[in-house]
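Below: the structure, in structure tokens.
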Amino acid sequence: MADIPVDPLSPNSEPAKHYDSVVDAWGRLLEEDLHYGYFQSGRESLVDATNILTNQMLKLAQPRSGEAVLDVGCGTGKAACRIAKEYGARVTGVSPSTVCIERANAMATAKGVTELARFQIADGTALPFNDSSFDLVWVMESSHLMPDKAALISESARVLCPGGRLVLCDIILHRKLPLQEMLQHRDEFLLLRDVFGRAVMETPQFYVETIRACGMEMSALEDISNPTYCTFDRWRHNALKNRESVTELIGKQSWEQFLVSCDVLESFWSRKILGYGILSAKKSAIAG
């Protein structure tokens with residue numbers, strides 16, 4: 001059955017419903033950053049590893065004081081507040097989730113960066129900003145929940161100033177899967193959808209081609225599937241440690257599904273079906 005188009009800003013949209021319903025439980029399972037970790041030795045805690053992944057993005061982004069930064073899919077605002085506090089950039093975070101925006105604004109207040117970091121409801125594939133409004137667009141592990149990734153990249157290019165940068169990291173497909181293989185893994189993909197929301201993954205080549213088609217030049221592209229692999233072990237540990245509180249928030253069945261999903265993701269990573277990528281691109285410095 002075909003999906004029925006839904007306004008991404010509506011409370012009934014897939015990303016909004018997903019994050020509004022699970023953000024409290026996610027804080028216990030994925031911890032505060034709500035994203036994968038980058039494990040350099042494999043012995044890092046999840047908190048340290050998620051900070052390292054943010055550091056990898058920052059190396060590519062190189063935010064500067066006074067720059068206008070757009071965080072597309074800002075989650076609870078941790079990365080945006082860090083960019084504002086540490087670099088003095090003016091950060092605007094957007095998300096379709098009311099709960100995430102409320103948490104992000106609360107974090108900005110707690111960290112004393114309300115003059116530099118602000119958050120609002122918005123759709124990353126139809127941004128409510130003028131052309132050439134930002135020096136940097138930051139997309140950290142949110143593109144997989146946007147079915148129209150071409151629109152995400154096109155909108156990112158549109159709102160970037162000439163010479164502006166795009167940085168993005170997310171789950172990737174290592175290769176396009178034939179129908180027979182998709183059917184073979186149907187139940188596993190359905191489980192991942194139930195746990196993590198309706199996601200659409202693309203190959204690195206898709207991002208490269210789409211970025212170039214939108215008038216930007218690739219600056220860096222790296223497969224970091226291996227450094228992110230230990231994330232699932234840490235998620236599983238958190239699920240077992242926080243079983244009672246997570247079950248109270250999302251129910252026993254959802255808790256059990258999350259545990260199984262960690263096994264599924266480990267298998268997909270090991271078999272090079274899914275993985276993780278990080279990239280940066282730059283908009284031409286010549287306007288028009």
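If you go through region 149-190 and keep only what is in a helix (DSSP H, G or I) and basic (Lys, Arg), you end up with LYS149, ARG158, ARG186. Looking at PHE232, PHE206, which is the one that is within 20 Å of PHE189 (Cβ to Cβ), touching an Asp or Glu at 6+ places or on another chain (Cβ under 8 Å) and either in a helix (DSSP H, G or I) or among the acidic types (Asp, Glu) (or both)? That would be PHE232, the only listed residue that is within 20 Å of PHE189 (Cβ to Cβ), touching an Asp or Glu at 6+ places or on another chain (Cβ under 8 Å) and either in a helix (DSSP H, G or I) or among the acidic types (Asp, Glu) (or both). Just checking, does region 242-265 include any residue being free of Cβ contacts under 8 Å to residues at least 12 places away in the same chain, under 30 Å from SER154 (Cβ atoms) and outside any strand (DSSP E or B)? The answer is no; no qualifying residue exists. Looking at region 46-62, is at least one residue touching a residue at least 60 places away in the same chain (Cβ under 8 Å), more than 18 Å from the chain's Cα centre (by Cα) and either surrounded by fewer than 23 Cβ atoms within 10 Å (Cβ to Cβ) or not in a helix (DSSP H, G or I) (or both)? Scanning region 46-62 turns up at least one residue that is touching a residue at least 60 places away in the same chain (Cβ under 8 Å), more than 18 Å from the chain's Cα centre (by Cα) and either surrounded by fewer than 23 Cβ atoms within 10 Å (Cβ to Cβ) or not in a helix (DSSP H, G or I) (or both). For SER156, state whether it is hydroxyl-bearing (Ser, Thr, Tyr), buried (at least 18 other Cβ atoms within 10 Å of the Cβ), modelled with pLDDT of 95 or more and out of contact with any Phe, Trp or Tyr (no Cβ under 6 Å at 6 or more places or on another chain). Spelling it out, SER156 is indeed hydroxyl-bearing (Ser, Thr, Tyr), buried (at least 18 other Cβ atoms within 10 Å of the Cβ), modelled with pLDDT of 95 or more and out of contact with any Phe, Trp or Tyr (no Cβ under 6 Å at 6 or more places or on another chain). Could you tell me how many of the residues in region 250-268 are surrounded by 15 or more Cβ atoms within 10 Å (Cβ to Cβ), of a type in the set (Gly, Ala, Ser) and over 16 Å from ARG234 (Cβ atoms)? The total comes to 1.
Need the failing condition index for PHE134 against (1) over 14 Å from the mean Cα position of the chain (by Cα); (2) over 25 Å from MET216 (Cβ atoms), just the number. All conditions are met except number (2). Within region 100-109, the presence of at least one residue that is under 16 Å from the mean Cα position of the chain (by Cα), in contact (Cβ under 8 Å) with a residue 60 or more places away in the chain, outside any loop (DSSP other than H, G, I, E, B) and farther than 28 Å from GLY215 by Cα is confirmed. Criterion applied to VAL113, VAL139 was being without any contact (Cβ under 8 Å) to a residue 60 or more places away in the chain, β-branched (Val, Ile, Thr) and over 19 Å from VAL22 (Cα atoms), and the one residue passing it is VAL113.
Looking only at residues of region 187-219 that are polar (S, T, N, Q) and touching a residue at least 60 places away in the same chain (Cβ under 8 Å), we find that the one that is surrounded by the most Cβ atoms within 10 Å (Cβ to Cβ) is THR210.
The values are calculated or read from the model by the stated rules, or taken from the named source; none is laboratory data. Because the structure is a prediction, the values reported are computed rather than measured. All Cβ positions, glycine included, derive from the backbone under ideal geometry; neighbour counts span all protein chains shown.
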